[in-house]
Each structure stands twice: as structure tokens, then as C-alpha cells.
Amino acid sequence: MSLTPQVYWAQRHHELYIRVELSDVQNPDISITNNVLCFQALGHGAKGVNTYEFSLDFLEPVKAKILQRSTQRHVSLIVKKTESHWWPRLTKQERKPLFLSPDFDRWLDESDAEMELREKEQERISKIRTESRVREDPFLYLKRGYLFMYNLVQFLGFSWIFVNMTVRLFILGKDSFYDTFHTMSDMMYFCQTLAVLEIINPLIGLVKTGIVPALIQVFGRNFILFIILGQLDEMQSNGVAFFVFYLWSIIEIFRYPFYMLACIDMHWKLLTWIRYTIWIPIYPLGALSEAVCVLLSMPIFTETGKFGLHLPSPLNVNISFSVFLCIYLVILLLGLVINMRHLMKQRRRRLGSRNKKMH
């Protein structure tokens, strides 16, 4: 003869709770067919470790899907009713099976269950009213529109630089290196001046990004553009300007579209992956090209004395701007480390779960 476990049940208007008193259950076979719940499992019950089974022919239709949770002490099942209302009993047969008992831990009569429903409905209404009282930012769409246009303008500006430099490279070859600054500087001046807004935006709360990474990048680029390249004619015709401008533009033609689409709640998986991956080789190369630019400018600043500092008597010492450039190289390295750590954290947050799934 098959062994039957002790089963407890309770109900609400929309679902049934069934608890099977079996511990250490292994390989449970549970299904609902033709409105009949069939249960079979190996576990420890009143007759020790054996295979226990039972079936329940429900009074009214139920859904075939079963929510199951097994613990060391019992197996809990939740069965959804097809129609939400109170049942006078659990099974079609009027006489209750001997193994079936009420679950008094969950048991409610119909009036208690009605009260529980009303309380839940009242909680839901209160939550809706509370949320409706929280006013939406009246300037939300204005802010989004501003950020969208900012990122669009920057994307178009850096795209113009990237496309023109690429076309000139194919047509002129290495000769395009030496007049990069003269042909691209006006647009780069415009884009990098506009980039100062990336420091202002988080300061006034328009965006929730860190101020320090934006400050490092904008200050570093503008220092190279306006001081090193912009003030030295000798550097403007140097081929290093090509690599500085080209690496900057490669990063930005992916970064700005990503933020532009985020303003309108659009997320393109491929663009997201590129935005949080392409910096891995490009940032170190960009920092290297900036460092080379600084190193090449040092002899020029030393020879011309431009931006040098003269200390009055009694010291009467001239400090070349190259000394400050040596300090700047250290700052450049530290800034690279800080920004790469920041971007790596962002990459793990954005792509980490996806990479785990792929593995």
C-alpha cells in the first residue's frame, strides 16, 4: 500500500495554501491534471523514510501552475483559483480525506478574508494617493531637452572632426599629420569650450555623475589644447596633434550618442557595450599622446621663457614653465588612473551581469 503524508490546507479568495508534512524531501513529482493535484515524493514522514503520495480533486477549477517551496520540515504549495471567491470546502467529495486537516497558522474564515482583502485594497489606494502627491519635476522635460541638445551638438562636432581627419588621412597620408591643428582647431576649440558644461551640469544637479572625473578630463584636454598647442606655433605643425585630436574624437563619437539616447530613455546594447569598452585601449593611448605633446613642448617653453615665473629679489630666480609641466605629467598619470578606475566601476555595473551570463 502507498503511504500518505499529513496535509494541511487554508484558502484566500484567489488562492489555496497546501502544506505537506514531509521533511528532507527528494525528487518531488507534483502536477495538476484535470483539476486533480497529484503529489509523490521521497521523504521522511510518519512512517519514516519512504515514498509518500496523495491526490486532491479540487471542488472548483484551478490553474495548472503550482508555486512550490521545499524546506527541511515540509513542502509548501500555492495553487491559484481560476475564479476569485470563497470555497465551502477543498475537494469535490463532501467527506474530508483522513489525511487532510485545516492549516490553523493560515486559516481565516470568509469574513476575516474579506477584511484582509479590504485592508490590502486600502493600502493600495493609500500608496497611489501618496505617489500622486509627489510632484513630478516641472522642469524635467526642459532639462532632458537641454541635455539631449548638448550631447547632440557635441556628437556632431566630434563626428565632423573624426570624419574630416579620416578622409584627409586617406587622401594625403602622413602629410595630413602636420596641418591637423590648422584645419581642425576651430571646431576643437568650440567642442572643448562647450565641454566646460560637463563640470557645471553635475554641480547644479542636472546629471548624477561624479564631478572629479569630468573635471580631470575637461581640464586636462583644455590645458593641452589651449596652452600647449594653442600657444606654441612650433607644436601646431607637429604630427602629435593628429594623434591627440583623433583619439579624443574616437572616444566622443560613441560617448555622446550614448548619453543622448539615455536622455530619451533609449538604450542600444551594442552602443552601450562600445561606450564602456572602447576606452580601455583609447584612454591610455590618448594619455600617452598628451604626455608626448607635453614633453615635446618643454624645450620650447624653456628656450622662449613663455609663461615662466620670475621671483623678485633677493631670490631673483627664473622658473621655467617646463617645471610646471613636469608636475603636470604626474597629475596626468594620476588623472588617468582615477578616470580608468571610475570607468571600470561603471563598466562592471553596466556590463557585469551580462558578462556573467555569457560565461
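The values are calculated or read from the model by the stated rules, or taken from the named source; none is laboratory data. Keep in mind it's a predicted model, so treat the numbers as computed, not measured. For neighbour counting, all protein chains shown are included, and Cβ atoms are generated from backbone atoms with ideal geometry for every residue, glycine included. SASA here: full protein model, heavy atoms, side chains in, ligands and nucleic acids out. Shrake-Rupley method; radii C 1.70, N 1.55, O 1.52, S 1.80 Å.
A few notes on this one:
- Taking amide H as placed 1.01 Å from N in the peptide plane, the amide H of ASP103 sits under 5 Å from that of TRP9, ALA10, each at least 5 places away or on another chain.
- Figure note: GLU110, GLU123, GLU60 ranked by solvent-accessible area, largest first, 1.4 Å probe, ligands and nucleic acids not counted: GLU123, GLU110, GLU60.
- On the stretch 13-110, 47 percent of the accessible area sits on carbon and sulfur atoms, based on a 1.4 Å probe.
- Exposure check, 1.4 Å probe, all protein chains in place: HIS85 carries approximately 50 Å² of accessible surface.
- Degrees separating the helix 279-304 axis from the principal Cα axis of the chain, which is the longest one: 20 degrees
- Computed over the stretch 28-186, the alpha-carbon pair-distance distribution with 10 angstrom bins reads 7, 19, 17, 10, 8, 10, 11, 11, 6, 1, each value a whole percent.
- Between helix 240-262 and the chain: long-axis angle, C-alpha atoms, 0 to 90°, nearest 10: 30 degrees
- Between the amide H of GLN6 and those of GLU21, ALA46, distances stay under 5 Å, these residues lying 5 or more places away or on another chain, with hydrogens modeled in the peptide plane.
- 14 Å beta-carbon shell around HIS13, net charge (K/R +1, D/E -1): -4
- Across the stretch 313-321, coupling constants 3J(HN,Hα) worked out from phi with the 6.51/-1.76/1.60 Karplus curve, θ = phi - 60°, read 4, x, 6, 6, 10, 9, 9, 5, 4 Hz, and Gly and Pro carry x.
- Going by accessible surface with a 1.4 Å probe and the largest first, VAL62, VAL7 read VAL62, VAL7.
- Rounded to the nearest 20, the size of the Cβ-charge dipole of the stretch 1-135 about its Cα centre is 440 debye, with Lys and Arg at +1 and Asp and Glu at -1.
- Cα gyration tensor category, rounded, prolate or oblate, for the stretch 161-211 with a/c compared to 1.5: prolate
- Per-residue HN-Hα couplings for the stretch 26-37 [Karplus 6.51, -1.76, 1.60; θ = phi - 60°; Hz; x = Gly/Pro]: 10, 6, x, 10, 10, 7, 10, 10, 6, 6, 10, 8
- Placing +1 on the Cβ of every Lys and Arg and -1 on the Cβ of every Asp and Glu, with nothing else charged, gives the chain a dipole about its Cα centre of roughly 440 debye.
- Projecting the Cα positions of CYS191, ASN222, GLY205 onto the charge dipole of the stretch 168-249 (unit charges on Cβ atoms of Lys, Arg, Asp and Glu, taken about the Cα centre) puts GLY205 furthest along the positive direction.
- For the cross-link pairs LYS80/LYS120; LYS174/LYS345; LYS174/LYS269; LYS65/LYS92, the ones whose C-alpha atoms lie over 26 Å apart are LYS174/LYS345; LYS174/LYS269.
- The aspartates and glutamates within cross-link reach of LYS96, meaning a Cα-to-Cα straight distance under 16 Å and a gap of 8 or more places when in the same chain, are ASP57, GLU60.
- With DNA, RNA and ligands ignored, accessible area of TRP160 (1.4 Å probe; Å², nearest 10): 110 Å²
- Rg and Dmax of the chain, both derived from C-alpha coordinates alone, stand at 35.4, 112 Å.
- Estimated vicinal HN-Hα couplings, Hz - the stretch 331-345 in sequence order (Karplus 6.51, -1.76, 1.60; Gly, Pro = x): 4, 4, 5, 5, x, 4, 5, 4, 5, 5, 5, 4, 5, 5, 4
- In this structure the amide hydrogen of GLU15, modeled in the peptide plane, comes within under 5 Å of the amide hydrogens of LYS81, none closer than 5 places in sequence on its chain.
- The residues packed around GLU234, meaning those with a beta-carbon under 13 Å from its beta-carbon, carry a net charge of -1 if Lys and Arg are +1 and Asp and Glu are -1.
- Of every Cα-Cα pair in the stretch 1-106, the percent that sits beyond 22 Å: 25 percent
- Cα gyration tensor category, rounded, prolate or oblate, for the stretch 244-309 with a/c compared to 1.5: prolate
- Relative contact order of the chain, defined on C-alpha pairs under 8 angstrom at six or more residues apart (%): 12 percent
- Each of THR4, THR91, TYR146 was placed along the dipole of the chain (beta-carbon charges, centred on the mean Cα), and the one lying farthest toward the positive end is THR4.
- The sum of -39500 (n - 2.57) across all DSSP H runs of n ≥ 4, divided by the residue count of the chain, sets its helix-only mean residue ellipticity at 222 nm to -18000 deg cm²/dmol.
- Solvent-accessible surface of the chain, taken per residue with a 1.4 Å probe and all protein chains present: 60 Å².
- PHE321 exposes around 30 Å² of accessible area when a 1.4 Å probe is run over every protein chain in place.
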